[in-house]
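Below: one structure, written as structure tokens.
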Amino acid sequence: MPVNSHDRAIKLATMIRAINIFIFLFLFANVAYPSSSIYGSSFDYRKARPARAYFSGKNREQVTSYCKNKMLGTMDLAACSQFRYEVTLEALNNQILEVEKLLRDGDEYNRSYDQPSSLPFFKKSQLSWEIYRDNNCYTDVYSVGQASLHFVDFWDCMTRITENRLKELSKGNGDE
């Protein structure tokens, strides 16, 4: 049986409709189900797996040595950058504990003279500093757009600002 032009038009319309539905579903799926990776469009470093998971089975010294390698791939570079940040953050957290102990002791002494406590203000300043650090580094990483070393830059920024805070807290109040 010969196919007439009316049948061809119906088949073409059906095919176009199927393509349109496919395109709609594809676009809808990208909007409704964005990347499930932490490196998707809305990166949250708090959801990143710790670097020690990437370097499973290696101790800190082994990872430090490995990360000094000049011929690392992008994933290794990002994991090493994250590792350096985590080591620096651990040092900062230890320093914060020391500062809080000193402030707590000072507050106890000052209470005997009806003076206000300083520890709550330190805690507020630390939270504000964390917000500053995070926003500063998110600005850096998102300002470059898509880049292969996108997250290496992010972790390096986090490390740099955290190291600065560690130095600041290690110096004390500057009265020495």
Handout entry: Yes/no for residue 154 being modelled with pLDDT of 95 or more and in contact with a helix residue (DSSP H, G or I) (Cβ under 6 Å, 6 or more places away or on another chain)
Key = no
Practice task
Go through the stretch 53-64 and give me each residue that's closer than 14 Å to residue 84 by Cα and surrounded by 11 or more Cβ atoms within 10 Å (Cβ to Cβ).
Solution key: 54, 55, 60, 62, 63, 64
Handout entry: Members of the stretch 96-135 that are polar (S, T, N, Q) and under 21 Å from residue 50 (Cα atoms)
Key = 135
Completion exercise
residue 97 passes all but one of the listed conditions (1) in contact with a Leu (Cβ under 7 Å, 6 or more places away or on another chain); (2) surrounded by fewer than 16 Cβ atoms within 10 Å (Cβ to Cβ); the exception is number (1)
Problem - Extreme residue, surrounded by the fewest Cβ atoms within 10 Å (Cβ to Cβ), among residues of the stretch 72-94 that are modelled with pLDDT under 95 and more than 18 Å from the chain's Cα centre (by Cα) - result: 73
Handout entry: Residue in the stretch 81-95 that is in the same structural domain as residue 162 (by TED's automatic domain parsing) and either among the basic types (Lys, Arg) or more than 21 Å from residue 165 (Cα to Cα) (or both) present
Key = yes
Handout entry: So residue 154, is it surrounded by fewer than 17 Cβ atoms within 10 Å (Cβ to Cβ) and part of a helix (DSSP H, G or I)
Key = no
Completion exercise
For the stretch 23-54, the count of residues that are at pLDDT below 60 and either in a loop (DSSP other than H, G, I, E, B) or touching a Cys at 6+ places or on another chain (Cβ under 9 Å) (or both) equals 9
Completion exercise
Counting only residues in the stretch 157-169 that are under 23 Å from residue 44 (Cβ atoms) and without any contact (Cβ under 8 Å) to a residue 12 or more places away in the chain, the one surrounded by the most Cβ atoms within 10 Å (Cβ to Cβ) is identified as 160
Handout entry: Number of positions in the stretch 109-151 that are touching a Lys or Arg at 6+ places or on another chain (Cβ under 7 Å) and loosely packed, with under 12 Cβ neighbours inside 10 Å
Key = 0
Completion exercise
Note on the stretch 55-104: residues in a helix (DSSP H, G or I), among the hydrophobic types (A, V, I, L, M, F, W, C) and touching a residue at least 24 places away in the same chain (Cβ under 8 Å) are 77, 78, 79, 80, 83, 87, 89, 91, 92, 96, 99
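The values are calculated or read from the model by the stated rules, or taken from the named source; none is laboratory data. Computed from a prediction, not measured in an experiment: that's the story for all the values here. Reconstructed Cβ throughout: ideal geometry from the backbone, glycine too, with neighbour counts over all protein chains shown.
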